[in-house]
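The values are calculated or read from the model by the stated rules, or taken from the named source; none is laboratory data. All of these numbers come straight from a predicted model, not from anything done at the bench. Every residue, glycine among them, receives a Cβ derived from its backbone with ideal geometry; neighbour counts consider all protein chains shown.
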Amino acid sequence: MRNIRIHVAAALQPGAEVSLPAPAAAHVVRVLRLRAGDALTLFNGDGHDYPARLTSANGRDAVVQIESRQAISTESPLRITLAQALARGEKMDWIVQKAAELGVAAIVPLLTERSEVKLDEARAAKRLEHWRAVAIAACEQSGRAVVPALHAAQPLAAWLAALDADTSSTRLVLHPGEGCAARALQPTSRATLAVGPEGGFGDSDLPALHAAGFANLSLGPRILRTETAGLAAIAALQAIYGDL
Ligand code: SAH
């Protein structure tokens, strides 16, 4: 049976008993049908796994005892931030899930000139919670013990203004046409990737990105859909400079 990994947003210590939060308890007891004595692994995003055993499982409640603590090394030496223009419908979920599996360190949903998705404040907060849950589920499944940071959706200009002056991260904008190929970049351990929406970056987006030090990265002669482009770039960079 595969290793069941459950994310718990709490401090974890070997020897401690932890009462699983309601959604995790329901998943463990009702969906996975684990029983007292069964093994599972908890993690809280601190880079460790906590092998544990279910000590009681009654209806909605599940209590586990943590048995040990193991450092996990499934993080890439390449820290990638994916700044992804909001894609429509479920595409964004898909991007968040796959980017987390491919090992990104952070995801920033961007509103750009041609973004077709509009988010009011309440909806934006709900989407953010939802994407965080998608990223956590991807970590549970893929064996990551560090959850990528998910930032609130924000306009491109606000994001660029808040980018720290630290330019140690290679800033790249994915743009069809002229641009550097991934294998021709200076070797790096940090990269920030900006990906345009379905309709591409608008006329005001690209100059703003270039002024902030973003260089064009080309993914070859074919135009990729937005949900393909970021993931292809992450895979290429992880293969050349990371751990793929
Ligand atoms: N109609 C748009 C294409 C948008 S594709 C146009 O012609 O510009 C959506 C996004 O995917 C783009 O904004 C870009 O960030 C990325 N992308 C698609 N194909 C690419 C390629 N071959 N190289 C680099 N980026 C690409």
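Some points to look at:
- Qualifying residue in region 169-177 (condition: surrounded by fewer than 16 Cβ atoms within 10 Å (Cβ to Cβ), farther than 16 Å from G196 by Cα and of a type in the set (S, T, Y)): no
- Of the numbered criteria (1) surrounded by 17 or more Cβ atoms within 10 Å (Cβ to Cβ); (2) within 16 Å of the chain's Cα centre (by Cα); (3) away from the ligand (no atom under 13 Å from the Cβ), the one A194 fails is (3).
- Of the criteria (1) part of a loop (DSSP other than H, G, I, E, B); (2) modelled with pLDDT of 95 or more; (3) not aromatic (F, W, Y), which one R33 fails: (2)
- Restricting region 39-82 to residues that are outside any strand (DSSP E or B) and more than 16 Å from the chain's Cα centre (by Cα) leaves a set whose member that is nearest to F214 (Cα to Cα) is S73.
- Region 28-37, residues that are buried (at least 18 other Cβ atoms within 10 Å of the Cβ) and closer than 26 Å to A71 by Cβ: V28, L34
- Scanning region 149-186 for residues being at pLDDT below 90 and under 25 Å from M92 (Cα atoms) gives a total of 1.
- A125 satisfies every condition listed in (1) surrounded by fewer than 16 Cβ atoms within 10 Å (Cβ to Cβ); (2) modelled with pLDDT under 95; (3) out of contact with any strand residue (DSSP E or B) (no Cβ under 9 Å at 6 or more places or on another chain); (4) part of a loop (DSSP other than H, G, I, E, B) except (4).
- Where a residue in region 219-239 is of a type in the set (D, E) and its partner, wherever it lies, is buried (at least 21 other Cβ atoms within 10 Å of the Cβ) and at pLDDT below 95, with Cβ under 6 Å and at least six apart: E227/A87
- Consider region 216-239 and keep the residues that are away from the ligand (no atom under 12 Å from the Cβ) and within 17 Å of R171 (Cβ to Cβ). The one that is nearest to the chain's Cα centre (by Cα) is I234.
- Flag for A24 being touching a residue at least 24 places away in the same chain (Cβ under 8 Å), more than 26 Å from A105 (Cβ to Cβ), surrounded by 14 or more Cβ atoms within 10 Å (Cβ to Cβ) and of a type outside the set (D, E, K, R): no
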